[in-house]
Structure formats: structure tokens, C-alpha cells
């Protein structure tokens, strides 16, 4: 990875400047400026009930923006305790009382995946969420940022929130990924090189010809992980693949009937064209706090060691580390492409004695697709167990928590001490392929070791 800087055109603007200016109804916004932004969508999940408690202190009877609210039950589903069940009941009552426009029940999946699949968030939108991985929506060309519960309560009350326009970092991707290398490895490479605070309150803007060679699933994984580098938001320029993806989903939303044959094709093209008109792109010559270049062909499978996401090494340096649990899932790596990589490694093989494999699809759509392809049966035969679509053990409060002294290799985004269970356990982060190979070997290994 290389870094360089260049003089900026003072009239040129970054994506972050354009997105926040649009959300504030301003013609332009300077870096460092405070703007009163009106998000197109505001997101909350199982924490909706405690946010509602804060909001009620304002003395309002109705939230100001029910049509722009999205709520997903995903962090502890189905409810594992009476406390969680009570919380879910309170969320359902609040959603019904306030007429929240977008509500997704237990089993639909993780908020970030579901809102993407439902085309609730579109290119150029501002989405603020009471979840730290809301930068995820940058793969759609949107400005996504996490906010606290009190900030979310303010948005419910007023419909807006002040934000500081962040400095931006530009990361140019060139080349193509090699065999068994994924964007999870790209993310761990960047975070390892730049540090867990390498993008603190900055907009990470990806660019370069390497993006076009990345699948949509893999783009989402990379942008999602930028939250682990401290990013305020992350962004990839949307292209025809993104516009087609969203257009098809908008046309098949409940309540809308897609056409057939040429009629459907024409409709999809028209919707895609409108989405492209609303997309935002940084200007040539825009100013960046830092610029980096990464040749994707030089990236190798990486693993983050406990208990820091930026403590990364090549997978070959950890081949003596035994594994008690392998976990596939989360908003980073629970999509169909990820389950496909696991299937490629594990089908026809078995988990090692003493090692268990837990798989939690990111959404019901992913789950259904994996079922239809026969992957679920094959992976179950290999020794894997499946959980309800959602966050699973990522936060350490549901399905697959770790005992003292246990070691987990996970496709999740965080490996902080105690994150997935007892503080005496250890979590290593890796790509789904490395996680699957480690489940088969019973220790951390490169996928080549079990497939060749």
C-alpha cells in the first residue's frame, strides 16, 4: 500500500461534502462545517425501546418522522431470555403506536443487510443509525453513520441532527483479488496498516478500477469493516451493478407488481436511470486528508489476533492455534457469497473433533437461497449448526457464546475481549474461507491446506 498527497481544487468537493450539503438543503458544505442534516432514513433495532424512553422525556406524543424510521429486531433473536422478550414486546408496541414505516420482525435478519435487500436506502441518501456499523450503506453510495441513543431520540423528535462535515481519506483499489483472498482480507490489511483509529471521524472514500471487479457482497463487507478503523462513514461509487440491484428490488417490493418480459426490462432500466441521477460522486481534484493506493493482487489472507482488530498477521503465522469454535455470520460476512465460500471448503468434509461450527445467515433471503442451493444440507452433514437469521453471538448475548479459555475464529468484525462471551476467551477474525478451513482442520489454517 502506498500513500501520497496532492494539491486540492478548492471548488471540488468530496462525497461527504456533497452528501451532507444535500441532507442539509445547502448548496455546498465545507470540511469542518456544522450542518443541520435531515436523514432520509433513521435506523434502530433491539435498542429501540430504550431510545423511546429517552424520546418520551421530550413530552411528545408522536415521533416527527415515522415515514423515515426503520426498526429491525436482530440482535437477540428469537428472544433468549424474559428480559429480551419484554424488550421485543415494547419495541413492537412502539412501532404499532407510532406507525413506523419499516419494521422487520424476528428472523428477517440483520438491519444493515435487510435494509439493503429491501432497497430502503438509496444512492446519495443520508442514513443515521443507532448502530456503529451503519457506515455499511456506503456500498450503495449512501452516507451511513452511527449515532448514540440520545442522538437518535433527538432525530425522532425533530427530524434532524447536527453533524460536522468530516475530512476524507481516499483509498484507490487497483488490480484483482487472488485465489482464496477476499475483501475481508483487504479490510484487515488496511486496518492493520493504518490502525484502529486510522480513519477516526473521517469519511473513507474508495476509488479505482479494482472496485469494478468486486462482487456486491464483497463490496458491502469491505465498507462495513471501515467502522473498525474509526470511520464516520465509508463510500464506494455506485455503478450499474448497484443500480440494477436496487431497481430490481424496488420493482418487486410488496405492493408493487413487476412487469414481464420487455416491459419489466424497460421498467428496471428506467428505475436504474433515476437512481443514477440521484447518486453522488466526489469531484476530480477534491481535497483529502490522506490518499492511499492498494494493489489487490498483493493482498494475502489475513487474521486479526485477540483482542484488537488492527493486530493482523498472515494466516500462516497462526497455524499452531487450535480452534474450539468457528463462527460464520454478522453484517460483515453473513451473505450468500460468504456461505458459498464455506460450502466450497466444507462440503464433503467434516469439522474436526473438538471443534464446532456455528453459521448464522445475515437474512432470511440468504437463508432461503442457501437452502435452495442445497448448501444447508451439505453443511449440516459437515457438522455445522445454523441459527436464526440475525446477529447471533457477535455481541456475546445469543447462540454461540464462548466459555473461559475457548478460542473462536470468526467472520465477524470485532474481537474485543469478552465480545463473544467470557473475558477469558479469545476471538480471531478472518474471512469465511479461512474460518471454514480452520473448522475442518481444528486449527487456524489457509483454505489450501484442506482443499488441495
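Whether any residue in region 367-383 is closer than 18 Å to residue 225 by Cα, in a loop (DSSP other than H, G, I, E, B) and at pLDDT 95 or above is what I want to check. Break it down stepwise before answering.
The initial filter retains those residues of region 367-383 that are closer than 18 Å to residue 225 by Cα, namely none.
Checked region 367-383: no residue is closer than 18 Å to residue 225 by Cα, in a loop (DSSP other than H, G, I, E, B) and at pLDDT 95 or above.
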Selection status of residue 70, free of Cβ contacts under 8 Å to residues at least 40 places away in the same chain and either within 23 Å of the chain's Cα centre (by Cα) or more than 30 Å from residue 364 (Cα to Cα) (or both): no
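Looking at region 273-295, which of its residues are farther than 22 Å from residue 201 by Cα and touching a helix residue (DSSP H, G or I) at 6+ places or on another chain (Cβ under 6 Å)?
Taking region 273-295 as the starting set, the residues that turn out to be farther than 22 Å from residue 201 by Cα are 273-279, 284, 295.
Listed by number, the residues that qualify are 275, 276.
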Identify, from the list 343, 307, 292, the residue that is assigned to a loop (DSSP other than H, G, I, E, B) and farther than 15 Å from residue 443 by Cα. 307
Take the residues in region 251-271 that are within 27 Å of the chain's Cα centre (by Cα) and surrounded by 15 or more Cβ atoms within 10 Å (Cβ to Cβ), then tell me which one is modelled with the lowest pLDDT. 268
I need every pair where a residue in region 406-432 that is at positive phi and modelled with pLDDT under 95 has its Cβ under 6 Å from the Cβ of a residue that is surrounded by fewer than 24 Cβ atoms within 10 Å (Cβ to Cβ) and not in a strand (DSSP E or B), sequence separation at least 6 or different chains. 421/396; 421/401
(1) part of a loop (DSSP other than H, G, I, E, B); (2) closer than 29 Å to residue 313 by Cβ; (3) touching a residue at least 40 places away in the same chain (Cβ under 8 Å) all hold for residue 390 apart from (2)
Testing residue 423 on (1) assigned to a loop (DSSP other than H, G, I, E, B); (2) out of contact with any strand residue (DSSP E or B) (no Cβ under 9 Å at 6 or more places or on another chain); (3) crowded, with 19+ Cβ neighbours inside 10 Å, one condition comes back false. Which one is that? (3)
How many of the residues making up region 92-105 are under 14 Å from residue 66 (Cβ atoms) and touching a helix residue (DSSP H, G or I) at 6+ places or on another chain (Cβ under 9 Å)? 8
Scan region 325-379 for residues that are free of Cβ contacts under 8 Å to residues at least 12 places away in the same chain and under 23 Å from residue 413 (Cα atoms) and report the count. 0
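For region 350-374, what are the residues that are crowded, with 20+ Cβ neighbours inside 10 Å and closer than 21 Å to residue 117 by Cα? Steps first, answer last, please.
Just the residues of region 350-374 that are crowded, with 20+ Cβ neighbours inside 10 Å, to begin with: 351, 355, 357-363, 366-367, 370.
359, 360, 361, 362, 363, 366, 367, 370 - these are the residues of region 350-374 that are crowded, with 20+ Cβ neighbours inside 10 Å and closer than 21 Å to residue 117 by Cα.
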Can you tell me how many residues in region 41-62 are buried (at least 19 other Cβ atoms within 10 Å of the Cβ) and either free of Cβ contacts under 8 Å to residues at least 40 places away in the same chain or not in a helix (DSSP H, G or I) (or both)? 6
Please work out if residue 401 is surrounded by fewer than 21 Cβ atoms within 10 Å (Cβ to Cβ) and closer than 26 Å to residue 229 by Cα. yes
Residue 237 vs (1) within 27 Å of residue 202 (Cβ to Cβ); (2) in contact (Cβ under 8 Å) with a residue 40 or more places away in the chain; (3) in a helix (DSSP H, G or I): all pass except (3)
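For every residue, the table says whether it meets (1) surrounded by fewer than 17 Cβ atoms within 10 Å (Cβ to Cβ); (2) modelled with pLDDT under 95; (3) within 19 Å of the chain's Cα centre (by Cα); (4) farther than 23 Å from residue 307 by Cβ.
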residue	(1), (2), (3), (4)
166	no, no, no, yes
171	no, no, yes, yes
193	yes, no, no, no
202	no, no, yes, yes
207	no, no, yes, yes
Elements of type strands (runs of 3 or more DSSP E) contained in region 63-144, each with 3 or more residues being farther than 30 Å from residue 170 by Cα: 69-72, 102-104
Could you tell me whether residue 248 is surrounded by 13 or more Cβ atoms within 10 Å (Cβ to Cβ), out of contact with any helix residue (DSSP H, G or I) (no Cβ under 9 Å at 6 or more places or on another chain) and either at pLDDT 95 or above or in a helix (DSSP H, G or I) (or both)? no
Name the residues in region 155-167 that are in contact with a strand residue (DSSP E or B) (Cβ under 6 Å, 6 or more places away or on another chain) and part of a helix (DSSP H, G or I), would you? 155
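The values are calculated or read from the model by the stated rules, or taken from the named source; none is laboratory data. Everything numeric here is computed off the predicted structure, so don't read it as measured data. A quick note on method: Cβ atoms are made from the backbone with ideal geometry, for glycine too, and the neighbour counts reach across all protein chains shown.
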